[in-house]
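To start, the structure itself, in structure tokens.
The values are calculated or read from the model by the stated rules, or taken from the named source; none is laboratory data. Computed from a predicted structure; not experimentally measured. Note: ideal-geometry Cβ built from the backbone for every residue, glycine included; neighbour counts use all protein chains shown. Only protein heavy atoms, including side chains, enter the accessible area calculation; ligands, DNA and RNA are left aside. Shrake-Rupley method; radii C 1.70, N 1.55, O 1.52, S 1.80 Å.
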Amino acid sequence: MDERPISPALKILAGAMFIFLLAPLIVVVPISFSGDSYMMFPPSSWSTKWYPAIFADGKMVSAFWTSLALAFVVTVLSLLIGLPAAYALVRLKPRGAEFLSSLFTAPLLLPTIVLGLAILIVFSGYGLLATFQGLVAAHLVVTLPYAIRVLSTALATLPIPVEEAAATLGASPLTVFRRVTLPMMRSGIVGTTALCFLVSFDEVVLSLFMTGPRISTLPVAMYHRVEQQADPLVAALSVLLVVLTLVVVLVVDRTSGLAKTFVK
């Protein structure tokens, strides 16, 4: 099929949108190499001193490890809970499956600040504020809907006759799920893992309600840093986080393919 030529006006519009989306990077990357003691654009001098300064800041390093551990635990739990839930909704189709699916994804429709306030009120009665367990529970509220949604979509697009053929050959339901269904869901599982990890690692609003002097995540530490001293260290850290995100996206693309993982 012949491809239709793209009009010059559409090319200009696409270029303008691309520049608009990249505008934050166009500002943040130069500032991260600033030699000034405060953030200004463009910088009056250049230096790489803010990158080693990140690793010399104890609060930032501690917050990074907390965010990394938190994102790892939340991702694993999201998969362990989301996979059976998606299987039950798509394959077992219980009564009210559509209503349950909408109910599970409802947190995505609510403003995060409303969720944060509700979680603050509920968790304060159980001593979960400013604890790692409380952060895990709070982040699961926003990652589980993504996990169930992506895994349900991946499961719904699988060819059922393949599973039925395995069952007719004598394989038990558990064996069919483990040897046939799971391998065919690989791209969906990889996409869910990347999505849940990035959502948890970058979560700010819920973490602001849940953190305190005893524990803090990296986004919250960056927020407080900008409030107290607006030096280019946060810009350098932002560039490293962009690189981390690109690495995750690259891993997803190499293992399953971005189009295959997120576009059905």
Seen from all sides and averaged, what is the projected area of the convex hull of the Cα atoms in the chain, in nm²? 20.0 nm²
Please list the non-local residues whose amide H lies under 5 Å from the amide H of SER34, H modeled 1.01 Å from N, same-chain partners needing a gap of 5 or more. SER47
Restrict the search to region 138-227; then list the trypsin sites (Lys or Arg not before Pro) that DSSP places in a loop and that have at most 11 other Cβ atoms within 10 Å of their Cβ. ARG214
For the chain, which whole-number percentage of the solvent-accessible area (1.4 Å probe, protein heavy atoms only) is attributable to carbon and sulfur atoms? 72 percent
Please give the helix 233-255 orientation as an angle from the longest Cα principal axis of the chain, in degrees from 0 to 90, rounded to the nearest 10. 20 degrees
Relative to the longest principal axis of the chain, what angle (0 to 90°, nearest 10) does the C-alpha long axis of helix 186-202 take? 30 degrees
Could you tell me how many degrees, from 0 to 90 and to the nearest 10, lie between the Cα long axis of helix 132-156 and the main elongation axis, the longest principal axis, of the Cα atoms of the chain? 50 degrees
For region 11-86, what's the radius of gyration and Dmax over Cα atoms, in angstrom? 19.3, 56
Relative to 2.2 N^0.38 Å, what does the C-alpha radius of gyration of region 109-154 come to as a ratio? Two decimals please. 1.31
Ordering TYR87, TYR51, TYR223 from largest to smallest accessible area (1.4 angstrom probe), what's the sequence? TYR223, TYR87, TYR51
Accessible area expressed per residue, region 24-112, with surrounding protein chains retained (probe 1.4 Å, Å²): 61 Å²
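Using a Cα distance threshold of under 27 Å, what count of lysine pairs results for the chain when pairs must be 8 or more residues apart or interchain?
Eligible lysine pairs with Cα atoms under 27 Å apart amount to 5.
Rank LYS93, LYS59, LYS49 by accessible area, highest first, at a 1.4 Å probe radius?
In descending accessible area the options line up as LYS59, LYS93, LYS49.
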